[in-house]
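Values quoted throughout were computed directly from the atomic coordinates according to the rules given, and no laboratory measurement underlies them. Keep in mind it's a predicted model, so treat the numbers as computed, not measured. Note that each Cβ is placed from the backbone with ideal geometry, even for glycine, and that neighbours are counted across all protein chains shown.
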Amino acid sequence: MIMNQLGEYQEPLKSGGKLIITPANWRIEYYFLGPDLRYNGHSVSIYSDKVDDYIKAYETNFKKFEELLTTIPKDGSFEMTGECGMSICIRGYRHGVNISYGRSTTFPITNREKLQEVINDYEYSKKRAAEITKVLYNR
């Protein structure tokens, strides 16, 4: 739990990424290293007004992922765009349900345990943001 010079409260999340709370809003942010692991990294932010959409999208997209696993032949691969712009990939280096950032592999979800961990973090973030906002920013 960190309060930085900009007045932002930051807290790491169990599933990865961090909760960032500002006087104006809150978000869940992920940072992904670039292809050479040093340069051209990028951040993906999910703002408070989209968190419920992402929870629903993860559930829907993961269900589709499971269906496709039983449909695509073992030697085949498949990729599609799901809800909230997430990619759903069967086999290959992007295997799983991913938050998309161009063609980058980002945060693949490949099993129900990881899916539930992410959803739990999103639900926790909603509650935690309300608590912190009330204490720090009197809102």
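For a quick check: with amide H placed at 1.01 Å from N, whose amide H comes under 5 Å from PHE78's, ignoring anything fewer than 5 positions away on the same chain?
HN-HN under 5 Å from PHE78: ILE90.
Mind listing the long-range amide H neighbours of GLY41? Cut-off is under 5 Å, sequence gap 5 or more, other chains count too, H placed in the peptide plane at 1.01 Å from N.
Excluding prolines and chain starts, which carry no amide H, the hits are GLY34.
Add +1 for every Lys or Arg and -1 for every Asp or Glu among the other residues with Cβ under 15 Å from the Cβ of ASP52, and state the total. Could the numbers behind the result be given before it?
Details: positive: ARG27, LYS50, LYS56, LYS126, LYS127; negative: ASP49, ASP53, GLU59, GLU83, ASP121, GLU123.
Once positives and negatives cancel, what remains is -1.
222 nm [θ] for the chain, helices only, -39500 (n - 2.57) per DSSP H run of 4+, per residue, to 500?
Working: 2 runs with 47 residues, N = 139.
When only DSSP H runs of four or more count, the value is -12000 deg cm²/dmol.
Give me a comma-separated list of calculated 3J(HN,Hα) values for segment 8-19, in order, Karplus coefficients 6.51, -1.76, 1.60 applied at θ = phi - 60°, integers in Hz, x for any Gly or Pro.
9, 8, 10, 9, x, 9, 4, 7, x, x, 8, 8
Just to confirm my numbers, what's the Cα centroid distance between segment 77-101 and segment 42-69 in Å?
So the two Cα centres are separated by 11 Å.
Can you tell me the relative contact order of the chain? Whole percent, Cα pairs under 8 Å, sequence separation 6 or more. Numbers along the way, then the final one.
Values: 195 pairs, mean separation 23.8, N = 139.
Rounded, it is 17 percent for the chain.
Would you list, by chain and number, the lysines whose Cα falls below 19 Å from the Cα of LYS56, excluding same-chain residues fewer than 8 positions away?
Leaving aside lysines fewer than 8 places away in the same chain, those within reach of LYS56 are LYS64, LYS114, LYS126, LYS127.
Apply the Karplus parameterisation 6.51 cos²θ - 1.76 cosθ + 1.60, with θ equal to phi minus 60°, to every residue of segment 66-80 and state each ³J(HN,Hα) to the nearest whole Hz, in sequence, with x for glycine and proline.
My calculation for segment 66-80 gives 4, 4, 5, 4, 8, 9, 6, x, 4, 9, x, 9, 7, 9, 8 Hz in order.
With θ set to phi - 60° and the Karplus curve 6.51 cos²θ - 1.76 cosθ + 1.60, what are the ³J(HN,Hα) couplings of segment 114-123 in order, to the nearest whole Hz, using x for Gly and Pro?
Residue by residue, segment 114-123 yields 5, 4, 5, 4, 5, 4, 4, 5, 5, 5 Hz.
Which of [x] 11.1; [y] 8.1; [z] 9.2 is the computed mean projected area of the Cα convex hull in nm² for the structure on display?
[z]
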